[in-house]
1. Could you give the size of the charge dipole of the chain about its Cα centre, using +1 on the Cβ of each K and R and -1 on the Cβ of each D and E, expressed in debye and rounded to the nearest 20?
2. Taking Cα atoms, how many degrees apart are the long axis of helix 40-53 and the longest axis of the chain, rounded to 10 and kept between 0 and 90?
3. Assuming R0 = 35 Å, what is the FRET efficiency of ARG69 and LYS115, from their Cβ-Cβ distance, to the nearest 0.05?
4. Using only Cα atoms and rounding to the nearest 10 degrees, what angle (0 to 90) does helix 96-114 make with the longest principal axis of the chain?
5. Have a look at VAL26, VAL59, VAL43 and tell me which one the Gaussian network model of the chain (Cα, springs below 10 Å) gives the largest fluctuation.
6. Which value results for Rg/Rh of the chain when Rg is the Cα radius of gyration and Rh the Kirkwood radius based on the inverse mean 1/r?
7. When a footprinting reagent is the concern and you count Cβ atoms within 10 Å, what order do CYS62, CYS127 take, fewest first?
8. Give me the percent relative contact order of the range 1-126, please, defined on Cα pairs under 8 angstrom at least 6 residues apart.
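Here, each number is a calculation from the coordinates, and none is a lab measurement. All values reported here derive from a predicted model rather than from experimental measurement. So basically every Cβ, Gly included, is an ideal-geometry build from the backbone, and we count neighbours across all protein chains shown.
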Amino acid sequence: MIDVGDKPVSKRRAVAVAHVTMTDEVRDRIVAGSLPKGDVLAVARVAGIMAAKRTPDIVPLCHPLPLTRVDVTPVVVADGVTITAAAETTAQTGVEMEALTAVLAAALTVYDMTKGLDPAITIDHACLLEKDGGKSGHWRRPG
């Protein structure tokens, strides 16, 4: 880990996104709630929140942070499920890793709960959308 001891404490926020692509049949079964493992979106949301809270246990050099908020929102779209996660803290370092860990854990949960119906599911386009706080201020992904 790097030394962040000289950095000022500030409010920080990060938003990440990931997309899970699947067949129309699987997507429709998620909407209908007819999958054997249950409510995919609810379970993915909880998995993402849990993962954000455990990020330093998953990413070895990540600082443990006092998270003040984590929102994970999986939404069914035309070709699958898009997951957005926002993480917030007041600390000396940012929460990008927590937001990314949340969306990826949620995406893996969608994958796990649907893989029996569609082995060709893919997890795509996981990235940081924006972040606020610290020395760099506000950053938003171009485009």
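1. Numbers: 16 positive and 17 negative charges, 90 e Å.
So the magnitude is around 440 debye.
2. Value to nearest ten degrees: 20.
3. Working: r = 31 Å, r/R0 = 0.88.
So the FRET efficiency works out to roughly 0.70.
4. Between helix and principal axis, roughly 10 degrees.
5. Between VAL26, VAL59, VAL43, it is VAL59 that shows the largest mean-square fluctuation.
6. 1.03
7. Details: CYS62 16, CYS127 12.
In order of increasing Cβ crowding within 10 Å: CYS127, CYS62.
8. Numbers: 257 pairs, mean separation 53.2, N = 126.
Relative contact order, the range 1-126: 42 percent.
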